[in-house]
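Scroll down for the structure; my scribbles are underneath it.
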Amino acid sequence: MSRRIEPYWYAIIPVLVLAGGLFAYHLATGNTPPRAAITLFGFPIYWYGIWIVTGIALGAWVVARLATAQARRAFDAAVPVELRERPLSDTPLSKELLSSLAQRRVTTLGQLIWEVGLDPLRLSLKKPQTAEVVGSLAAVPDVAPAWLADAPWRRWNPDHVWNSLLWILLLGLIGARLYHVLTPSPSMAAVGIYSPLDYFREPLQLLNFRGGGLGIYGGLAGGLLGMLIYVRRNRLPLLGWADLSVVGLALGQSIGRWGNFFNQELYGRPTDLPWAIHIDPIYRLPDYVAFERFHPAFLYESLWSLMTFLVLLRLARRHTERLMPGELMALYLIAYAAGRTLLETVRLDSRAVPFFGLETGLAVATLVSLTIALIAAAAVIIRRYARRPKAVG
């Protein structure tokens, strides 16, 4: 029996094909599309933002589908097949309500229990009708009260993905900006920023996103804090949702990195490799104005993130029963840290770790990556070791 193709692939594949086509065009001509896609009411809409928003939307879509699958597994384990297949006519629902539910493609007892278990508001009925539905289900002898009050699959309601985005994105953005402020890149000297203290001497620079950047590790920390706040408010499992979220995060990073292509940033050392990208003189770092072609560091990170996404997606869809809560998140952290460490070998404009006022040559991102990878790996090993059955006798 063939597996049904998930609908998000019909959007992901065209986006990746478009990115590949743009890169092939650039390699053939040396031209990069302008930063601004269009202008609306006098305001430019930048390709950078479009690619980031596209990555976020597709990543969230994948997470929502994974959450739905997780909810479905919990539903199937709790509700017997015979009960799921019974028609709604077996319930004391009014004919008017049966007709309304049929218009919403809810025709079996299982479909109704599924929707009410996730959230009765998903039925989009009026309050008296919703109360009638819940009351009628409660009157069915084989329906467990827990399915109506706090169903095992409710914690995986895919609506949580979209409802939590504001918390995650807002705190992720703040965290990403703070990370950059605390570790400004050497090129910030062009606008008078040599150290974090300079930002506080010129507070307006804190808000000048066009004149500075965002740090991924700060974004991860802020996003995790946003998720923690949301799951605590809604009594959801943090590690379980973190495991699903990193799958979408890896995809979002893969697609969002293409915004750097349009901005002609995140390029590496000069090179003559066939896939080297051309950087216009205005966007070259001062020490590299004599060079034209550079490593496409953004592409390396995009491809690494895409590979990470594919691995995490397969594990999340087919091997969740073998994994402990939090292990997918740990695997993502290890994979990203490894990729970032390799990327730093070709990246330019990375801040080095100082040692008693001396430059060590070790990038801050490399040190952070190695630390995170070691902590994540140690956490997995320790938890796996503690889970081993104890020998008797």
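The values are calculated or read from the model by the stated rules, or taken from the named source; none is laboratory data. On a predicted model such as this, the values are computed, not experimentally measured, just so you know. Neighbour counts run over all protein chains shown; Cβ positions are idealised from the backbone, glycine included. Note: accessible area is taken over every heavy atom of the protein model, side chains too, but ligands, DNA and RNA are not part of it. Shrake-Rupley method; radii C 1.70, N 1.55, O 1.52, S 1.80 Å.
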>> Can you tell me the length gained on complete extension of the stretch E292 to E82, counting 0.36 nm per residue apart and subtracting the Cα distance?
In response: 68.8 nm
>> Just to confirm, what accessible area per residue do you get for the chain at 1.4 Å probe, in whole Å²?
In response: 55
>> Quick one: the Cα spread of the chain along its three principal axes, in angstroms, biggest first?
In response: 79, 71, 48
>> Given the whole protein assembly as supplied and a 1.4 Å probe, what does the accessible area of I56 come to in Å², nearest 10?
In response: 60
> What nm value, rounded to one decimal, do you get for the distance between D90 and I229 when each label is placed 7 Å out toward the C-beta?
Replying inline: 4.6
> Mean projection of the alpha-carbon convex hull of the stretch 277-326 over all orientations, in nm²?
Replying inline: 5.3
>> Under the √(5λ) rule applied to the eigenvalues of the Cα gyration tensor, what semi-axes describe the equivalent ellipsoid of the stretch 90-161? Give them in Å, descending.
In response: 18, 15, 10
>> Test of understanding: in a Gaussian network model of the chain with alpha carbons linked when under 10 Å, which of L273, L109, L182 would top the mean-square fluctuation ranking?
In response: L273
> Tell me, what is the FRET efficiency for S350 and L16 to the nearest 0.05, using R0 = 22 angstrom and their Cβ-Cβ distance as r?
Replying inline: 0.20
> Mean 1/r over all different Cα pairs, inverted: what Kirkwood radius does the stretch 1-113 give, in Å?
Replying inline: 18.9
> How much length is gained if the chain between A57 and A149 is pulled fully straight, taking 0.36 nm per residue apart and subtracting their Cα-Cα distance, in nm to one decimal?
Replying inline: 30.0 nm
> Where does the charge balance sit around A376 when Lys and Arg score +1, Asp and Glu -1, over other residues with C-beta under 14 Å from its C-beta?
Replying inline: +1
>> Over all directions, how big on average is the projection of the convex hull of the alpha-carbon atoms in the stretch 35-79, in square nanometres?
In response: 4.0
> So if we plug the beta-carbon distance of V134 and I50 into 1/(1 + (r/R0)^6) with R0 = 30 Å, what FRET efficiency do we get, rounded to 0.05?
Replying inline: 0.10
> Taking the Cα centre of the chain as the origin, how large is its charge dipole in debye, to the nearest 20, when only Lys and Arg (+1) and Asp and Glu (-1) carry charge on their Cβ atoms?
Replying inline: 900
> Hey, if we sort I282, I13 by accessible area with the 1.4 Å probe, largest down, what's the order?
Replying inline: I282, I13
>> What percent of all Cα-Cα pairs in the stretch 208-303 falls into each 5 Å bin, going from 0 up to the bin containing the maximum distance?
In response: 2, 11, 17, 17, 14, 12, 9, 7, 5, 3, 1, 0
> Where does the stretch 1-59 land on the Kirkwood hydrodynamic radius, alpha-carbon pairs, in angstrom?
Replying inline: 13.7
> Rg and Dmax of the stretch 31-183 over Cα atoms: what are they, in angstrom?
Replying inline: 21.9, 69
>> Please report the carbon-and-sulfur percent of the accessible area for the chain; probe 1.4 Å, protein heavy atoms only, DNA, RNA and ligands left out.
In response: 66
> Which residues does a label at A386 reach in the stretch 222-261, if reach means a backbone N under 19 Å from a point 7 Å past the Cα toward the Cβ?
Replying inline: 237-243
>> What's the ranking of 148-161, 295-308, 367-380 by average number of surrounding C-beta atoms within 10 Å, highest first?
In response: 295-308, 148-161, 367-380
